[in-house]
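Engineer: Structure incoming, see below.
Derivation of every value follows stated rules applied to the coordinates shown; laboratory data play no part. Because the structure is a prediction, the values reported are computed rather than measured. Ideal geometry is used to build each Cβ from the backbone, glycine not excepted, and the neighbour counts take in all protein chains shown.
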Amino acid sequence: MLIVTKFDVDADIIDAPLSVIEHAEDLQEQFFKWLFDKNVNHSYWWYENGLKFGCSYRSNAFIEWLNAFPLKNGDEKATIISTHVAEYDKTLPSLFF
């Protein structure tokens, strides 16, 4: 199933299992907790003076987290369909990042 991940000026379209769509807001909240946890070493950190300062990410980070954690033991995985799109089907479910 498709879901739109919206950013400030454009969006990405991802394909994810129905369970992701049904629990999208809760999963997004869990993703943010993981993403901004300074004890987690992922590739999305910005560093300033050797310290974790902030994060730079797009849908690929959300996909990585979905597949590594909530979808880890399932057969279905999430994938990116399109990136940086300006126009998309407004009837699709969406999350704002």
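Engineer: Could you give the length gained by full extension between ASP26 and HIS84, i.e. 0.36 nm per residue of separation minus their alpha carbon distance, to one decimal place?
Structural biologist: Values: separation 58, 0.36 × 58 = 20.88 nm, distance 2.39 nm.
Once the chain is fully extended between ASP26 and HIS84, it gains 18.5 nm.
Engineer: Local charge sum around ALA11 (other residues, Cβ-Cβ under 11 Å, Lys/Arg +1, Asp/Glu -1)?
Structural biologist: -2
Engineer: Something else: Can you give the FRET efficiency for GLU76 and ASP37, using 1/(1 + (r/R0)^6), R0 = 22 Å, r = Cβ-Cβ distance, to the nearest 0.05?
Structural biologist: On the way: r = 26 Å, r/R0 = 1.18.
Here the calculated transfer efficiency is 0.25.
Engineer: Then there's this: Tell me the angle of helix 24-35 to the major Cα principal axis of the chain, expressed in degrees between 0 and 90 and rounded to the nearest ten.
Structural biologist: 20
Engineer: Considering Cα pairs under 8 angstrom that are at least six residues apart, work out the relative contact order of the chain and quote it in whole percent.
Structural biologist: 45
Engineer: If you rank PHE96, PHE7 by fewest surrounding Cβ atoms within 10 Å, what's the result? Show your work: numbers first, answer last.
Structural biologist: Working: PHE96 10, PHE7 14.
Sorted ascending by nearby Cβ count, the order is PHE96, PHE7.
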